[in-house]
Amino acid sequence: MRFLALYALAAAGGSVSYAPFLSLLFPARVAAEWGDQGLQVLSLTAFVGAISASLANIAFGWLSDRTGGRRGWIFAGVILSGILLVAIQMVQDLTAIIAMIVIWQVALNMMLAPLAAWAGDCVPHEQKGTLGGLLSMSPAMGAVMGAIATVPGFLSVEMRPAFIAACVAVMVLPVVLLGRPRPMPQLMIDLPEDERMSDGHSHTQVVRMWIARLLVQIAEAALFAFQLFWFRSIAEDFTENDTALVFVLVLSGSVPMALLAGRWSDRIRRPVLPLEIAAGCSAVGLLFMGLSADIMSGVISYVFFGISSGVFLALHSSQTLRVLPRPSTRGRDLGLFNLTNTVPSLIMPWLALALVPVFGFDALFLVLGGLCALACLLLLTMRRL
């Protein structure tokens, strides 16, 4: 449990390393410096950053597999990404800024990819649900640190990236320097193909888990991007602060629910059952969102969906470690799973543009609800782990 606590702190530091910068600090700078061109600048950097992050995550996961150690990569990633985050603030030319963000994303994934794989090396299967519950705190911590960094009068604009970099180091380095997990040799052995198949670790299981996460991530990404527009389509006076409060409510509700669901799945030894329930509840929440006619029912439906999808994504992150077929390629394989976090940002805008202008948000929510229902069906019909 000591290692789990330090690891959960480090995972939260991983969220802090990118969430405040990408969601608050950099967009604010873009708006101030590029004005009407800000949307194009943000879209370009988001697209290039997503591609570089995806490739770097796979590469550093594979490198940490080949070298047989995770700590050194995590330590180097913390230091390099922190230095680059501060350096971005000093660059003025747009081309140079985009290049710096790409390099920063590479350094960031030097830390994130081995950190994710390390849990698979050290956390036994009977604690995977607990691990998933602890991981649910990461998005909330990213949001909290972003709010602290942007408190008016607390820090100058120039000091905010340095503050974030220092927080990341304080949160991640303790597990690298002080974490002493018990050896888990049973988690590091590549079983023969026939034993993996009999144990439920077939390629079909992996593909089902990958597709299920992708489907829920598409729905979650779409709601994150367009929730303010939808709320205002129901109530024109719904403000940005109202949306932020709803988002805080979702985050604060998903953490205890994920912790309870994770511990429950460990006790009953049904690791996929909470994922099935959460995916089904996400579909129901989206269905009610599509049927909502007033702001109160809309907010309640969104909170229900947000908590359900948050629980799903947190627990899925830990249970994925259970189905990966080969420990010797765990880091690389997790990098491939990480594509489910970046691919939705490429799919979601086109899906929204195709549906919302013609059919409205109701049609979008029904389609997204169908995706979550399909994810639930994929998990329900998967061989029991």
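A short reminder: the numbers here are calculations on the coordinates, not readings from a lab. Here the structure is a predicted model, which means the values were calculated and not measured. Here Cβ is always computed from backbone atoms with ideal geometry, including for glycine, and neighbour counts include all displayed protein chains.
Can you say whether residue 41 is more than 23 Å from residue 169 (Cα to Cα), buried (at least 19 other Cβ atoms within 10 Å of the Cβ) and touching a Leu at 6+ places or on another chain (Cβ under 9 Å), as far as the supplied structure shows? Considered against the rule, which asks whether it is more than 23 Å from residue 169 (Cα to Cα), buried (at least 19 other Cβ atoms within 10 Å of the Cβ) and touching a Leu at 6+ places or on another chain (Cβ under 9 Å), residue 41 comes out as yes. Residue-level analysis places residue 318 outside the set of residues that are in contact with a Leu (Cβ under 9 Å, 6 or more places away or on another chain) and more than 28 Å from residue 116 (Cα to Cα).
Determine whether region 368-384 contains at least one residue that is part of a helix (DSSP H, G or I), touching a helix residue (DSSP H, G or I) at 6+ places or on another chain (Cβ under 8 Å) and among the basic types (Lys, Arg). Within region 368-384 (the criterion being part of a helix (DSSP H, G or I), touching a helix residue (DSSP H, G or I) at 6+ places or on another chain (Cβ under 8 Å) and among the basic types (Lys, Arg)), the answer is no, since none of the residues qualifies. Annotation note: Cβ proximity below 7 Å between a residue of region 1-25 that is on the phi > 0 side of the Ramachandran plot and in contact (Cβ under 8 Å) with a residue 12 or more places away in the chain and a residue that is of a type outside the set (Ser, Thr, Tyr) and crowded, with 18+ Cβ neighbours inside 10 Å (sequence gap 6+ or interchain) occurs for no pair. Taken together, the residues in region 62-78 that are in a helix (DSSP H, G or I) and either touching a strand residue (DSSP E or B) at 6+ places or on another chain (Cβ under 9 Å) or without any contact (Cβ under 8 Å) to a residue 12 or more places away in the chain (or both) amount to 3. Across region 33-56, not a single residue is classified as under 16 Å from residue 163 (Cα atoms) and not β-branched (Val, Ile, Thr). Residues of region 296-311 include none that is under 23 Å from residue 210 (Cα atoms), surrounded by fewer than 18 Cβ atoms within 10 Å (Cβ to Cβ) and of a type in the set (A, V, I, L, M, F, W, C).
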